[in-house]
Amino acid sequence: VGMAYSGKTSMIKRLIDGPNAKIPQRDERTVGVDIYEWDPSDSKLDTSIVMEDEIGHVCEETNVNFSVWDFAGQHVYHATHELFFSQRALYVLVWDMGATNSDTQKRIFTTHDENDQGAFKLTYDSSDDENEDVITDDEKRRTDRALERDIDEKVQFWVDCIQSSAPGAAILTVASHNDFFENSEHGSYFSPDEAKRRCDLLKS
């Protein structure tokens, strides 16, 4: 589960088909619910988990087949999704770390040279910019509030929906769009450290 374009179908495709999975295009979004069958033993990824019993002995391998339900993230489907929620399921809640929400992106104030008498100019972050980049405290607070709203709307919303229909159900939150924070084209602000900071904020 998760909001539209958070990467739910892409994760499922990667689990089933491995590194060579065909990632759906933006216009190939899920409609309603798509159901996949996943047999980890046939996966092209290493999905093994070493399990030990209470006295430390490694348990024997057990094959488990999964029925994976891919719920569309568009708002029009949210009310009907709850009809399918059950306590006997693991819910993988996908969050895009606010990567698609421009309000969570800090605006960089870049100083001009001395001839401009220290004036400020609003610009986007660029690691190649020789000018001094400044992120004000107010800007940091603004983006943190925006990120908290993003978590509330994209994560807490689904937690509440699931718990109202299936109290006590297991929910695993997964962060997507990690490549967005490893792409230098988006500026030095978008770094692995920023991705970790956003996940830490989610956990808090």
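Some points to look at:
- Per-residue ³J(HN,Hα) for segment 10-24, Karplus 6.51 cos²θ - 1.76 cosθ + 1.60, θ = phi - 60°, Hz, x for Gly and Pro: 4, 5, 5, 4, 5, 4, 7, 9, x, x, 8, 4, 7, 6, x
- Distance between modelled label sites at LYS44 and ASP179, nm, 7 Å Cα→Cβ extension: 1.5
- Stretch gain in nm, segment LYS22-ASP160, where the contour uses 0.36 nm per residue and the Cα spacing is subtracted: 46.5 nm
- A protection proxy built from the mean count of other Cβ atoms within 10 Å ranks the segments 154-164, 191-201, most packed first, as 154-164, 191-201.
- When the C-alpha to C-alpha distance is required to be over 27 Å, the pairs from LYS13/LYS154; LYS8/LYS140; LYS154/LYS196; LYS22/LYS106 that qualify are LYS8/LYS140; LYS22/LYS106.
Read the figures in this text as sums done on the coordinates, not as results from a lab. Computed from a prediction, not measured in an experiment: that's the story for all the values here. Heads up, the Cβs are rebuilt from the backbone with ideal geometry, glycines too, and the neighbour counts pull from every protein chain shown.
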